[in-house]
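The values are calculated or read from the model by the stated rules, or taken from the named source; none is laboratory data. All figures in this text were calculated on a predicted structure; none of them were measured in a lab. So basically every Cβ, Gly included, is an ideal-geometry build from the backbone, and we count neighbours across all protein chains shown. Each accessible area value is taken on the protein alone, full model and side chains, heavy atoms only, with ligands, DNA and RNA left out. Shrake-Rupley method; radii C 1.70, N 1.55, O 1.52, S 1.80 Å.
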Amino acid sequence: MTTQPITGPTPAAALHDDAERMSREEIAALQLTRLRATLRHAYAHVPFYRRRFDAAGVAPDDCRTLADLARFPFTTKADLRENYPYGMFAVPQADVRRIHVSSGTTGLPTVVGYTERDLHTWASLVARCIRGAGGRPGHKVHVAFGYGLFTGGLGVHYGAEHLGCTVVPASGGMTARQVRLIQDLRPEIVMVTPSYMLTLLDEFDRQGVDAAASSLRVGIFGAEPWGEGMRREIEERAGIDAVDIYGLSELMGPGVAGESATTKDGLHIWEDHFRPEIVDPLGERNLPDGTTGELVLTSLTKEAVPIIRYRTRDLTRLLPGTAWPGMRRMERVTGRSDDMIILRGVNVFPTQIEELVLQTPGLSPHFQLVLGRRDRMDHLVVRVEARPDLPTDARAAASARLARAVKDGVGVTVEVTAVDPDTLERSIGKLRRVVDTREH
Ligand code: DLL
């Protein structure tokens, strides 16, 4: 059998779908039409929405402008749990082609479903993300997001195939073998959580292989918060462009928003399919573009499980589009309102610590936050691996330097312990940065 030669990269302009070229006005008009249809669909087919709308005294036809959406009630993760398993579904079971289940970190799982058309939309939006990141038909994509009930693996898998890429469905785990596969199969693109990318890069080092000399050119990372310092670290060590991809299972999965490798300036939300709002943390009022708050998302085309004003708990702000002028951007999500640590009254996000760790010479990006109590006060210990080339007797100075940077930059006192390289648990999927040992 002969293999098809990969022809040169297709010009980006030839790949754009119609919505990607729309102006802001065209997107807004499309959103209103689709929003009204979604509200009617949800009200007609999901008793939960009918009850909620009735209780709030609003009906789908009350939505005459996009601003009217703010009159409709929010939907939360708790609502999805309470309607476990099928209460949020708006189509007959026979029309559902796929189900994903997210375990979350606490409580009952949430169940989401997709019709044939929903799956097609999902694949096309992930394809947009990959294209924006520099991926082209014919490229090989190593997918190391977990496959299965989690939306990461299968979600990006079908998106990459939709674009015309060749997928290596590596899933998570068996790190040494993944590094071998990357060397042998020579993918141009890797899609994985940023923390697992670090694990892979360490494995390259361990095997004595230069990751920057590998076939990889583009990395698309998401499913957990990461910062600019992490982007630089990964880009340098892997010799790639590293871009962000955002999504959540309740709205679809990966691919709700994607970042352009040309601008690397945050994530464009695919506003032909999702309507974003930013609200204050109590959800009492909508905040203007440019102001940081909690992201609220409404699905505009989802058939199986329409979602109205979902409180994501993700903190970000909306900015004008750049690479896609018709769509707004969201700043990278640096934390969720619920993984924020409040340390003696100061709000601390793990990504703030991450930035400072990466700026401290001698310390590696592998760290863990252990929250405990000392003298009845909350006490945060940053356990961070020393870089292999840092002499043992220099660890105390590196730790002190990080503690001082956290004090100056974040405003809290933390204890820093530099531990041996390779001793903290490595991520193979979503990272758990914070270990809370306090009794509740
Ligand atoms: O994590 C979907 C996904 C898979 C996105 C692969 C990107 C890549 P959930 O498991 O439902 O879905 O978790 C959703 O993860 O509300 C954010 O808090 C966080 N998250 C996802 N992407 C990012 C990102 C998938 N790029 C939750 N930056 C979301 C920061 C992210 N946080």
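Tell me whether segment 105-255 comes out rounded, prolate or oblate; compute the Cα gyration tensor, take square roots of the eigenvalues as a ≥ b ≥ c, and use a/c under 1.5 as the rounded threshold. Verdict is prolate for segment 105-255. A simple packing score, the average count of other Cβ atoms within 10 Å per residue, orders the peptides 337-347, 402-412 as 402-412, 337-347, with the highest score first.
Could you state the orientation-averaged shadow area of the convex hull built on the Cα atoms of segment 383-440, in nm² to one decimal?
Averaging across all directions leaves 5.5 nm² for the Cα convex hull.
Please compute the alpha carbon radius of gyration of segment 54-176, then divide it by the globular-protein estimate 2.2 N^0.38 Å. Two decimals is fine.
Working: Rg = 18.1 Å, N = 123, 2.2 N^0.38 = 13.7 Å.
That works out to 1.32 for segment 54-176.
Here each label is just a point 7 Å from Cα along the line to Cβ, and for LEU108 and VAL346 those points are 4.0 nm apart. Of the options GLY148, LEU198, ALA397, report the single residue whose Cα projects farthest towards the positive end of the charge dipole of the chain (beta-carbon charges: Lys, Arg +1; Asp, Glu -1). Positive-end residue among those listed: GLY148.
Ellipticity at 222 nm from helices only: DSSP H runs of n ≥ 4 in the chain, each -39500 (n - 2.57), divided by the residue count, give -9500 deg cm²/dmol. Modelled spin labels at ARG376 and GLU26, positioned 7 Å past Cα toward Cβ, are 6.5 nm from each other.
Averaging sequence separations of C-alpha pairs under 8 Å and six or more residues apart, then dividing by the length of the chain, give the relative contact order as a whole percent. Let's see the in-between values first.
Working: 880 pairs, mean separation 61.2, N = 440.
Once divided by the residue count of the chain, the mean separation gives 14 percent.
Residues whose amide H lies under 5 Å from that of ARG97, counting only those 5 or more places away or on a different chain, are TYR114, THR115, GLU116; hydrogens are built 1.01 Å from N in the peptide plane.
Compute the orientation-averaged projected area for segment 273-373 from the convex hull of its Cα atoms and round it to one decimal in nm². Intermediate values should be presented prior to the final figure.
Details: hull surface 38.9 nm².
Quarter of the Cα hull surface area: 9.7 nm².
The label-point distance for ALA70 and ASP17, in a model that sets each label 7 Å from Cα toward Cβ, rounds to 3.1 nm. Packing-based ranking of 166-178, 110-122 yields 110-122, 166-178, ordered from highest to lowest mean Cβ neighbour count within 10 Å.
The antiparallel fraction among DSSP beta bridges confined to the chain stands at about 65%.
Excluding same-chain neighbours fewer than eight residues apart, the aspartates and glutamates reachable from LYS140 by a Cα-Cα span under 17 Å are GLU161, ASP184, GLU188, ASP241.
Pull out the extension gain between GLN359 and THR292, defined as 0.36 nm times the separation in residues minus the alpha carbon to alpha carbon distance; nm, one decimal. Don't skip to the end; give the middle numbers.
Values: separation 67, 0.36 × 67 = 24.12 nm, distance 2.50 nm.
Stretched fully, the GLN359-THR292 segment lengthens by 21.6 nm.
Which order do the peptides 195-207, 369-381, 148-160 take when ranked by the mean count of other beta-carbon atoms within 10 Å per residue, highest first? Intermediate values should be presented prior to the final figure.
On the way: 195-207: 20.2, 369-381: 13.9, 148-160: 24.5.
Taking the mean over residues of other Cβ atoms within 10 Å, the ranking is 148-160, 195-207, 369-381.
Out of all Cα-Cα pairs in the chain, roughly what percent, to the nearest whole number, are more than 39 Å apart? Result: 22 percent of Cα pairs exceed 39 Å.
If I take R0 = 41 Å and measure r between the Cβ atoms of GLN207 and LEU319 in this structure, what FRET efficiency does the formula 1/(1 + (r/R0)^6) give, to the nearest 0.05? E between GLN207 and LEU319, to the nearest 0.05, is 0.50. Multiplying each eigenvalue of the alpha-carbon gyration tensor of segment 100-141 by 5 and taking the square root yields semi-axes of 28, 15, 8 Å, largest first, rounded to whole angstroms. A simple charge model with +1 on the Cβ of Lys and Arg, -1 on the Cβ of Asp and Glu and nothing else charged puts the dipole of segment 272-385 at about 160 debye relative to its Cα centre.
Considering only Cα atoms, the convex hull volume of segment 13-63 works out to 89 Å³ per residue.
Compute the Cα gyration tensor for segment 172-277, then decide on rounded, prolate or oblate, letting a ≥ b ≥ c be the square roots of its eigenvalues: rounded whenever a/c is under 1.5, prolate when a/b is larger than b/c in the other cases, and oblate in all that remain.
On the way: a/c = 2.32, a/b = 1.90, b/c = 1.22.
Note, shape of segment 172-277 comes out prolate.
Under 5 Å from the amide H of ASP244 lie the amide H atoms of PHE221, GLU259, each residue being 5 or more positions distant or on a separate chain, with H modelled from the backbone and absent for Pro and chain starts.
Length gained on full extension, ARG97 to HIS45, computed as 0.36 nm times the residue gap minus the Cα-Cα distance: 16.9 nm. Note on segment 103-198: with charges restricted to the Cβ of Lys and Arg (+1) and Asp and Glu (-1), its dipole about the Cα centre is near 240 debye.
Estimate the FRET efficiency between ARG177 and ARG285 by the formula 1/(1 + (r/R0)^6), using the beta-carbon distance for r and 41 Å for R0, to the nearest 0.05. Rounded to the nearest 0.05, the efficiency is 0.20.
For the chain, the per residue solvent-accessible surface stands at 43 Å², with DNA, RNA and ligands left out and a 1.4 Å probe. Using the Stokes-Einstein relation with a Kirkwood hydrodynamic radius computed over Cα pairs, the translational diffusion coefficient of segment 332-440 at 4 °C and a viscosity of 1.567 mPa s comes to 91 µm²/s.
Tell me, what is the FRET efficiency for VAL434 and GLU236 to the nearest 0.05, using R0 = 45 angstrom and their Cβ-Cβ distance as r?
Efficiency computed from Cβ-Cβ geometry: 0.95.
Dipole magnitude for the chain: about 520 debye, using +1 per Lys or Arg Cβ and -1 per Asp or Glu Cβ, origin at the Cα centre. When DSSP beta bridges are restricted to pairs lying wholly in segment 323-440, around 60% turn out antiparallel.
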